[in-house]
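Take a look at the structure below.
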Amino acid sequence: MENSFGMCNFVAELLKMKKQWVLRQATASDLDEMIQLFSDVVSNVNARDYTPEQLKEWLRSSSNTERWQALISEQYVVVAQHGDDLVGFASLTPDAYLDFMYVHKDHQRKGVAQTLYDHLEQQAEETNASKLQSDVSITARPFFERQGFKVVRTNHNQRNKEVLINYRMEKVL
Ligand SMILES: CC(C)(COP(=O)(O)OP(=O)(O)OC[C@H]1O[C@@H](n2cnc3c(N)ncnc32)[C@H](O)[C@@H]1OP(=O)(O)O)[C@@H](O)C(=O)NCCC(=O)NCCS
């Protein structure tokens with residue numbers, strides 16, 4: 001029994017190592033697909049940790065066109081591309097704040113976020129940043145803990161009648 005579990009783990013690790021996506025810097029022409037991915041992952045994956053009313057408030061931001069345009073022009077944004085499709089994206093501000101980290105709902109737990117994160121951490125180190133900061137959803141907290149981030153406070157974000165909890169997390173570089 002132990003052997004067959006061992007073999008399954010081995011095969012799973014091999015599949016993870018054989019990454020089928022490439023990273024590249026995002027452009028404005030990626031925005032439509034990024035927004036779609038964001039809406040799908042929030043509706044399907046974050047739905048584990050937030051109520052439908054809270055998700056509705058969160059998703060309102062997807063119609064803020066200026067915010068998305070600013071993302072591309074003001075931050076370092078990377079996308080993970082698999083064939084013709086985006087499987088994830090993440091972003092870093094000039095002052096080492098990790099703003100976005102979203103992975104396609106059908107490509108969770110394949111190491112996509114890990115690849116995006118490793119790239120952005122390296123990018124931050126190249127700018128001599130002393131720490132990385134982010135405001136992280138309940139859903140994403142275990143991923144960031146795995147990267148060595150610590151919670152420094154719990155945020156209660158008021159959005160109309162809803163309060164959405166997330167965590168300010170930091171990692172000393
Ligand atoms: C959080 C998120 C970005 C992680 O993306 P992912 O590609 O699935 O993560 P990875 O496969 O790279 O995970 C790497 C490691 O992080 C840890 N991890 C990731 N997700 C985890 C979870 N839900 N629970 C526990 N550990 C987790 C694991 O140690 C994992 O390694 P393993 O799969 O070998 O155990 C993804 O779940 C997501 O898009 N969530 C919804 C959007 C969101 O909340 N984004 C953050 C907004 S602030």
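Bear in mind these aren't lab numbers, they're just calculated from the coordinates by the rules spelled out. For clarity, every value in this text was computed on a predicted model and none was experimentally measured. Here Cβ is always computed from backbone atoms with ideal geometry, including for glycine, and neighbour counts include all displayed protein chains.
Annotation: extensible slack from N157 through T51 equals 36.7 nm (criterion: 0.36 nm per residue apart, minus Cα-Cα distance). Residues whose amide H falls under 5 Å from that of R159, counting only those 5 or more places apart or on a different chain, are L164, with hydrogens built in the peptide plane.
Spatially close Lys pairs in the chain, defined by Cα atoms under 15 Å apart and a spacing of eight or more places or different chains, total 7.
Adding -39500 (n - 2.57) for every DSSP H run of four residues or longer, then dividing by how many residues the chain holds, sets the calculated 222 nm ellipticity at -12500 deg cm²/dmol. A simple spin-label model places the labels of K131 and S63 3.7 nm from each other, with each point 7 Å out along Cα-to-Cβ.
Diagonalising the gyration tensor over the Cα atoms of the chain and scaling each eigenvalue by 5 before taking the square root yields semi-axes of 26, 20, 19 Å, largest first.
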